[in-house]
1. Along each of its three principal axes, how wide is the spread of alpha-carbon positions in chain A, in whole angstrom units, largest first?
2. What are the residues whose amide H is under 5 Å from the amide H of B:MET60, where those residues sit 5 or more places off or on another chain and H is modelled from the backbone?
3. How big a patch of accessible area, both sides summed and in Å² to the nearest 100, lies buried between A and B at a 1.4 Å probe?
4. Computed on alpha carbon atoms, what radius of gyration and Dmax characterise the range A:1-47, expressed in Å?
5. If you take the C-alpha gyration tensor of the range B:26-108, multiply each eigenvalue by 5 and take the square root, what semi-axes do you get, largest first, in whole Å?
6. For the protein assembly as shown, please report how many Lys pairs fall under 23 Å Cα to Cα, leaving out neighbours fewer than 8 apart on the same chain.
7. Around B:HIS15, what is the net charge, scoring Lys/Arg as +1 and Asp/Glu as -1 over all other residues with Cβ under 15 Å from its Cβ?
8. Between B:MET1 and A:VAL2, what is the FRET efficiency for a Förster distance of 30 Å, r being their Cβ-Cβ separation, to the nearest 0.05?
Amino acid sequence: MVTITRKIEFPASHLYHNPAFSAEENRRIFGKCNNPHGHGHNYTLEVTVAGEPDSVTGMVLDLTELKDLLDREIMQRMDHRFLNYEVAELKDKIPTCENIAIVIWNLLAPRIRQGKLHRVRLYESPELFADCYGDGAGR
Amino acid sequence: MKVTLTRRYSFSASHRLHSAKLSEADNQRLYGKCSNPYGHGHNYIVEVALGGPVDPATGMIANLANLDSYVREHVLSDFDHRYLNEEIAVFKTIVPTSENLCIEIFNRLKGFPGARLERVRIEETSKNSFEYSGESK
């Protein structure tokens, strides 16, 4: 098995707020991430696809196809957006790194036609990232 | 759905690679300049990876503020700006290679109450990194 990884970056804003919690609970649990007007990050997304290189092309999958998929499904949906309000898949979720990574996994996994999605790694900052491996074994 | 959350921390510390079980000549041959008698330092990066279910109410595997304070209390406050050989008890008897440092930090963090500790990864320099995921994996 060989993996290939493509990286994209997109700035976006978000805030953490659960309407089921009181204002005090939201503040206590989410801290400054609960500030009402939100805040932003430069997200970095690494998408890793695993497979065997094709005997004719030598590729696990065509990188151009992956690039187009990331552009269509991720960039157009999330780039320069307020994730809470503008990304339907996150509407009723807290847009943490973990939840965004899961949403990205679910958007990409069924659309990868060659190889298999192996890992979605989403950096919120250089100090914090979430990895999603789907329901497969992963590591 | 398997999800892990990883947080990066850093601390600066010095160490010396030197085994009392080896001769001076063997230490020098094995560890080279890392065995120089007064030690040397690194800016260590520690990546702490947690796994477990994402709490639907918070969207989180673990509250980062809790993780930060746990790592500060159990690792950073003891390790930062210290000489590992002399000031961390376990390294009085074992060599403070980054392999052993990974295991020591893993053992200090595995009791974190908020989530399962998946992995500790250490960058000793930008060229060398080490990972430990516990015994059972």
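1. Result, largest extent first: 60, 29, 25 Å.
2. Excluding prolines and chain starts, which carry no amide H, the hits are B:ASP55.
3. Counting both chains, the buried surface is close to 2000 Å².
4. In Å, with Rg to one decimal and Dmax whole: 15.9, 50.
5. On the way: eigenvalues 221, 33, 21 Å².
Values for the range B:26-108, descending: 33, 13, 10 Å.
6. For the protein assembly as shown, qualifying lysine pairs total 18.
7. Values: positive: B:ARG16, B:LYS33, B:ARG82, B:LYS92; negative: B:ASP78, B:ASP80, B:GLU86, B:GLU87, B:GLU99, B:GLU104, B:GLU123, B:GLU124.
It works out to a net charge of -4.
8. On the way: r = 24 Å, r/R0 = 0.81.
Given R0 = 30 Å and the Cβ-Cβ separation, E is 0.80.
The values are calculated or read from the model by the stated rules, or taken from the named source; none is laboratory data. All values derive from a computational prediction rather than experimental measurement. Counting neighbours? That spans all protein chains shown, and the Cβs are built from the backbone with ideal geometry, glycine included. Side chains are part of the model used for accessible areas, which takes the heavy atoms of the whole protein and leaves out ligands, DNA and RNA. Shrake-Rupley method; radii C 1.70, N 1.55, O 1.52, S 1.80 Å.
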